[in-house]
Amino acid sequence: MAFDVEAVRAEFPILSRQVNGKPLVYLDSAASAQKPRAVIDAMVHAMEHSYANVHRGLHTLANETTDAYEAARKSAARFINAGEDEVVFTKGGTEAINLVASGLGARLKPGDEILLTEMEHHANIVPWHFLRERQGAVLKFAPVLDDGRLDVDGFRALLGPKTRVVALTHMSNVLGTINPVAELARLAHQTGALVLVDGCQAVVHQPIDVKALDVDFYAFSGHKLYGPTGIGILYGKSERLVALPPYQGGGEMIGQVALDAITYADPPHRFEAGTPPIIEAIGLGAALDWLMAQDREAIAAHEHALYERVRDGLAGANWLHVLGEAPEKGAILSFTVDGAHAHDVAQILDRYGVAVRAGAHCAEPLMKRFGVTSSARASFALYNTQQEADSFVDALQRTRTFFA
Ligand SMILES: Cc1ncc(COP(=O)(O)O)c(C=O)c1O
């Protein structure tokens, strides 16, 4: 199946708009991706034709909506090669990680160790800090090498008999580095630690098989995956979810409730208290079905080619400093420009219609590691074109003249 970027673009209505009188060049998909018509239509269809609350009705609309909601779970399970009972709907990747941290935290003792890496997003740092503050857990951070690779020897050296949890990103949202998760999970399991992977970035760019990775938990958001906001997935190995205490309490997550006793539903419903994000789950299901119908290898090659084209276009730019040059990396270009604050770079690029992110990218420990407080970040998605890559290079070169 050949990958036709123009055909794909035609499915994303927003991409035809102009920004500041220029064609939009959207290079901020790592923050949140745009939505194809299939997702928009699925959500509108649900609201216009078949909407009610799920899991509690006996009427036709309730049953239809429950079927659509559970069909989305099936799609998510297929997307990552998991069992349906291993897929929990959350409101996003952040909530998925918090759910695991809070559940595992209930069993941690003071001095128990949690191993993270220096390249984590705050979503995979702060929930573990809660356990440090509240329960005396000890946080350790595996170092990052100058080129943006994880220092695997350093990681191994920090694993020990007290390591209870290893939580690491599959792909850095700043460096683009793709970590060797299967190998790291194997090392972690040898010490008896549980492994949680933050897949928010990786899952967009490569097929994920949680069984092959052999991780205990895998978390990701819908909105970076061309789906809606307000929905994410927590994968947990069946036996891990069964052993995990509930996260939030309320309707739908219980077995029986009495005045003096309670039993809980089995996973995944145990972790879906209250009315879930129904329309959002249906939208995510549509996004995953849409993505699974694409040639994902061809998409990865396309995104990589865009990245390489930009790197070639900026080859002689000694005023530009790139963060993250790992051999295994996704199509993310984080950079600083001599004499310019990243916010100014982003604002001037916007005048040319180019949307990039700038700031600390919710990764302050990593920024500190590289001796910067902020960077600009261009992130490439399946709908970006070679012409857009060239427009970005051109706009960046013009931006540079403001600071030279
Ligand atoms: C690597 C990584 N982890 C976690 C998150 C948090 O995702 P969300 O804000 O969708 O919960 C992000 C979002 O930028 C991310 O890039």
Handout entry: For Val25, distant residues with modelled amide H under 5 Å away
Key = Val354, Ala355
Handout entry: Helical contribution to [θ] at 222 nm, DSSP H n ≥ 4, -39,500 (n - 2.57), averaged over the chain, rounded to 500
Key = -11500 deg cm²/dmol
Problem - Cβ-defined net charge surrounding Ala389, 13 Å radius [Lys, Arg +1; Asp, Glu -1] - result: -4
Practice task
For the stretch 67-142 and the stretch 300-379, compute the distance between their C-alpha centroids and round to whole Å.
Solution key: 28
Practice task
Would you give the gap between the C-alpha center of the stretch 170-247 and the C-alpha center of the stretch 266-297, rounded to a whole Å?
Solution key: 15
Completion exercise
For Ala137, other-chain or 5+-apart residues with amide H closer than 5 Å (H placed, Pro excluded) are Gly111, Arg132
Handout entry: Most mobile listed residue (Thr191, Thr336, Thr169) in the chain, GNM with C-alpha springs under 10 Å
Key = Thr191
Practice task
Using the number of other C-beta atoms within 10 angstrom as an exposure proxy, rank Val144, Val19, Val5, Val44 with the fewest first.
Solution key: Val44, Val19, Val5, Val144
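For the stretch 1-93, run through the trypsin sites (Lys or Arg not before Pro) and keep only the ones in DSSP coil with at most 10 other Cβ atoms within 10 Å of their Cβ.
On the way: sites: Arg9, Arg17, Arg37, Arg56, Arg73, Lys74, Arg78, Lys91; in loops: Arg17, Arg56, Lys91.
Answer in residue order: Arg17.
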Handout entry: Label-to-label distance, nm, for residues given as Leu259 and Leu187 (7 Å Cα→Cβ offset)
Key = 5.6
Practice task
Output the relative contact order of the stretch 41-292, whole-number percent, from Cα pairs under 8 angstrom with separation of 6+ residues.
Solution key: 25
Completion exercise
Phi-derived 3J(HN,Hα) across the stretch 27-40 with the Karplus relation (6.51, -1.76, 1.60, θ = phi - 60°), rounded Hz, x for Gly and Pro, is 10, 10, 6, 5, 7, 6, 8, 6, 10, x, 3, 4, 6, 4
Handout entry: GNM flexibility winner over the chain from Ala258, Ala188, Ala212 (Cα, springs under 10 Å)
Key = Ala258
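Given the chain, what percent of its DSSP beta bridges are antiparallel, to the nearest 5? Could the numbers behind the result be given before it?
Numbers: 27 of 46 bridges.
Rounded to the nearest five, the antiparallel share is 60 percent.
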Fill in the blank from the handout: In whole Hz, the Karplus estimates of ³J(HN,Hα) for the stretch 303-318 (6.51, -1.76, 1.60; θ = phi - 60°; x where Gly or Pro) are 5, 5, 5, 5, 4, 5, 5, 5, 4, 5, x, 10, 3, x, 7, 7
Practice task
Per residue of the stretch 124-132, in order, report the coupling 6.51 cos²θ - 1.76 cosθ + 1.60 (Karplus, θ = phi - 60°) as ³J(HN,Hα) in whole Hz, putting x for Gly and Pro.
Solution key: 10, 10, 4, x, 7, 4, 4, 6, 5
Practice task
Taking H placed 1.01 Å from N in the peptide plane, check which residues at least 5 places from Tyr226 or on another chain put their amide H under 5 Å from its amide H.
Solution key: Ala33
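Wrap a convex hull around the Cα atoms of the chain, take a quarter of its surface area, and give that in square nanometres. Each step should come with its number before you reach the end.
On the way: hull surface 83.7 nm².
Answer in nm², one decimal: 20.9.
Values quoted throughout were computed directly from the atomic coordinates according to the rules given, and no laboratory measurement underlies them. Quantities reported herein were computed from a predicted structural model and do not represent experimental measurements. For neighbour counting, all protein chains shown are included, and Cβ atoms are generated from backbone atoms with ideal geometry for every residue, glycine included.
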